[in-house]
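Beneath this line is the structure, given in structure tokens, with notes to follow.
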Amino acid sequence: MRKPKISVIGAGYVGLCTAVGFASKNYNVVACDVDEEKIAKINAGIPPFHEPGLQEKLSDCLKKGNLKGVVGQTERVILETDLTFVAVGTPSKPDGSIDLKYMESAVCSIGKALKQKDTYHVTIIKSTVVPGTTQNTVKPILERESKKAVGKDFGLCMNPEFLRQGSAFQDTINADRVVIGSIDERSGNVLEDLYKGFYSTRLPTIIRTSLSTAELIKYASNSMLATKISFINTIANICEQIPGADVKVVATAMGLDKRIGPLFLDAGLGYGGSCFPKDIKALIACSKSLGYDPELLDSVEQVNKMQPLKAVMFCKDMLGDLEGKKIAILGLAFKPDTDDMREARVIPIIHQLLKEGANITAYDPVAIPVAKSIFKNQIQFADSAINCLKNADCCILVTEWPEFKKLTPEDFIKNMRQPVLIDGRRVYDPETFVRKMTFVALGLGQSSN
Ligand code: UDX
Ligand code: UDX
């Protein structure tokens with residue numbers, strides 16, 4: 001049987017990883033984006049963002065001729081393919097609600113193409129959209145522009161992604177589940193068949209459901225993970241009030257309970273990234289608009305907003321007035337293995353430190369170019385972790401890159417003006433560090449200090 005031809009609209013993180021994922025299994029894929037520079041890079045085999053392993057996979061797919069990037073031309077691309085994944089951005093508006101302008105524009109072009117198309121085509125919404133969007137926004141636009149009926153003349157599905165930056169390929173190949181929301185049986189069957197071919201003998205559990213349940217599964221999953229993080233950060237904040245208590249040990253013991261599980265219980269400076277902050281805000285706004293105030297999610301957000309500022313508080317506790325003090329920041333990306341700084345916890349930390357008059361030098365293995373576009377010349381950048389520490393009065397570890405875990409107390413003592421370290425991600429062994437230098441860690445009760 002001929003493999004279906006696939007198009008992906010929006011070649012951002014999710015779109016490109018999806019496109020390369022299918023192309024790597026010999027599907028013919030066209031990735032379409034409005035951003036000319038991004039597409040030029042993709043066609044030259046250069047991923048527009050940092051993702052381990054992506055460069056090799058992308059080059060491989062281009063060499064085999066399974067993947068090409070095109071700028072715009074959405075209508076032509078729809079006519080040439082059988083299935084279209086929509087992965088354009090769905091950012092937050094200033095009030096936290098979802099901004100669907102990119103989705104509406106992409107779907108409008110798809111609808112126009114469907115008007116001219118005789119063969120059955122399935123549109124699959126992969127972007128995270130609030131419950132009701134595919135049914136109430138996407139479907140009417142497709143029908144208006146195509147002058148055809150969804151469910152009869154063409155198919156429509158909602159298929160959320162659960163990719164984590166830094167491990168997108170592992171997550172694609174070893175998905176825990178595939179969620180297929182569909183407007184009708186036929187659309188869902190086409191997508192299910194695609195995944196059966198893609199995963200072959202490694203097919204994960206497939207959940208077939210309605211469009212809005214599929215949409216909510218994504219928000220509920222991300223909200224649960226964010227809740228776990230704000231929960232353990234709350235416990236960390238309590239631990240700090242209890243001499244001798246350590247949140248790391250609490251989390252390890254809690255995680256051994258199968259009902260709780262060990263993952264996403266790392267206390268620290270809170271969650272960032274392109275998904276959790278945006279999705280929680282969007283779910284809160286969506287729920288409120290429907291008449292239910294989800295207070296629990298408000299608290300999850302509130303805890304996350306305060307958590308990064310604790311690093312500044314610790315800094316002031318130890319150094320007093322921060323005017324003119326030299327602060328070394330290790331890690332800028334919102335998490336290791338990415339150069340993404342969207343909602344990175346380091347942003348509020350740096351802004352607050354600058355307000356207090358501190359001089360900041362930062363280092364990150366890959367995110368410095370991105371950070372330069374955010375902070376311009378307000379802060380300095382070092383070319384290594386050790387150079388970042390030179391003559392600093394205090395160091396804050398913000399992102400737990402593996403190379404930072406290798407630093408020893410001697411590295412801090414030898415290079416800093418005074419060896420004061422704030423471990424914002426709990427990577428260092430308190431016993432070793434407390435004995436040798438001034439060491440504060442999130443979620444560590446005072447007496448161990
Ligand atoms: C996005 C959403 O924000 C997320 O909620 C969803 O789950 C998946 O898609 P991401 O891939 O990280 O996540 O977004 P981003 O990197 O902003 O990529 C979106 C791409 O769409 C950009 O490359 C942008 O240029 C492109 N785009 C946007 C189009 O091709 N057409 C448009 O009309 C608008
Ligand atoms: C997340 C979801 O995991 C993924 O399923 C979804 O598709 C997109 O959003 P991602 O944003 O790439 O993925 O990163 P993730 O690994 O989930 O981490 C998000 C943030 O939470 C990071 O800032 C990380 O530092 C923080 N985090 C994570 C913690 O603070 N503690 C933890 O225990 C885990």
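Dividing the convex hull volume of the alpha-carbon atoms in the stretch 384-426 by its residue count gives 62 Å³ per residue. When shorter helices are ignored and each DSSP H run of at least 4 residues is given -39500 (n - 2.57), the per-residue value for the chain at 222 nm works out to -13000 deg cm²/dmol.
The value of relative contact order for the chain, using C-alpha pairs under 8 Å at least six residues apart, is 12 percent.
If you wrap the tightest convex hull around every Cα atom of the stretch 136-229 and split its volume per residue, you get 116 Å³. Oblate is the label for the stretch 32-152. Its Cα gyration tensor axes, ordered a ≥ b ≥ c, give a/c of at least 1.5 and b/c at or above a/b. Each peptide in 366-377, 286-297, 381-392 was scored by the mean count of other Cβ atoms within 10 Å over its residues; highest first, the order is 381-392, 366-377, 286-297. Computed from backbone phi, the HN-Hα couplings of the stretch 46-61 come to 10, x, x, 8, 8, 8, x, x, 5, 4, 5, 5, 5, 4, 4, 5 Hz, rounded to whole numbers (Karplus: 6.51 cos²θ - 1.76 cosθ + 1.60, θ = phi - 60°; Gly and Pro given as x).
Scattering from the chain was approximated by placing one identical point on each alpha carbon and applying the Debye formula without solvent; log10 I(q)/I(0) at 0.12 1/Å stands at -1.04.
Across the cross-link table entries K5/K196; K3/K25; K316/K406; K310/K414; K64/K117, which are compared at the Cα atoms, the separations over 19 Å belong to K316/K406; K310/K414; K64/K117. Proximity of backbone amide H atoms, modeled 1.01 Å from N, is registered between S7 and V30, D82, L83, T84, F85 at under 5 Å, excluding neighbours fewer than 5 places apart on the same chain.
F334 sits among other residues whose Cβ lies under 9 Å from its own Cβ, and their net charge, with Lys and Arg +1 and Asp and Glu -1, is +1. Translational diffusion coefficient of the stretch 283-352 (Stokes-Einstein, Kirkwood radius from Cα pairs, 37 °C, 0.692 mPa s): 225 µm²/s. Using a cut-off of 30 Å between Cα atoms, the listed pairs K38/K248; K326/K405; K152/K281; K41/K152; K41/K305; K248/K281 include K38/K248; K152/K281; K41/K152; K41/K305 as exceeding that distance.
For L421, the residues whose modelled amide H falls within less than 5 Å of its own, excluding neighbours fewer than 5 places apart on the same chain, are C395, T438, F439, V440.
Whole-Hz Karplus values for the stretch 148-156 come out as 10, 9, 5, x, 9, 8, 8, x, 8 Hz, taken residue by residue from phi with 6.51 cos²θ - 1.76 cosθ + 1.60 and θ = phi - 60°; glycine and proline positions read x. Is the shape of the stretch 299-449 best called rounded, prolate or oblate, per the rule: a/c under 1.5 gives rounded, else a/b larger than b/c gives prolate, else oblate, with a ≥ b ≥ c the square roots of the Cα gyration tensor eigenvalues? Since a/c stays below 1.5, the shape of the stretch 299-449 is classed as rounded.
Summarising the amide proton neighbourhood of I98: residues at separation of 5 or more, or on other chains, whose placed amide H is nearer than 5 Å comprise K93.
Legend: ranking of residues T338, T205, T252, T133 from fewest to most surrounding C-beta atoms inside 10 Å; resulting order T205, T252, T133, T338. Most tightly packed first, judged by the mean number of other beta-carbon atoms within 10 Å of their residues, the peptides 346-353, 259-266 read 346-353, 259-266. Packing-based ranking of 23-30, 143-150 yields 23-30, 143-150, ordered from highest to lowest mean Cβ neighbour count within 10 Å. Our coupling estimate for the stretch 6-21, obtained by passing each phi through the Karplus curve with A = 6.51, B = -1.76, C = 1.60 and θ = phi - 60°, is 10, 10, 10, 9, x, 9, x, 4, 5, x, 5, 5, 5, 4, 5, x Hz, Gly and Pro reported as x.
Which shape class applies to the stretch 21-93: rounded if a/c is under 1.5, otherwise prolate when a/b exceeds b/c and oblate if not, where a ≥ b ≥ c are the square roots of the Cα gyration tensor eigenvalues?
Oblate, since a/c reaches 1.5 and b/c is not below a/b.
Bear in mind these aren't lab numbers, they're just calculated from the coordinates by the rules spelled out. Just so it is clear, the model here is predicted, and its values are computed rather than measured. Counting neighbours? That spans all protein chains shown, and the Cβs are built from the backbone with ideal geometry, glycine included.
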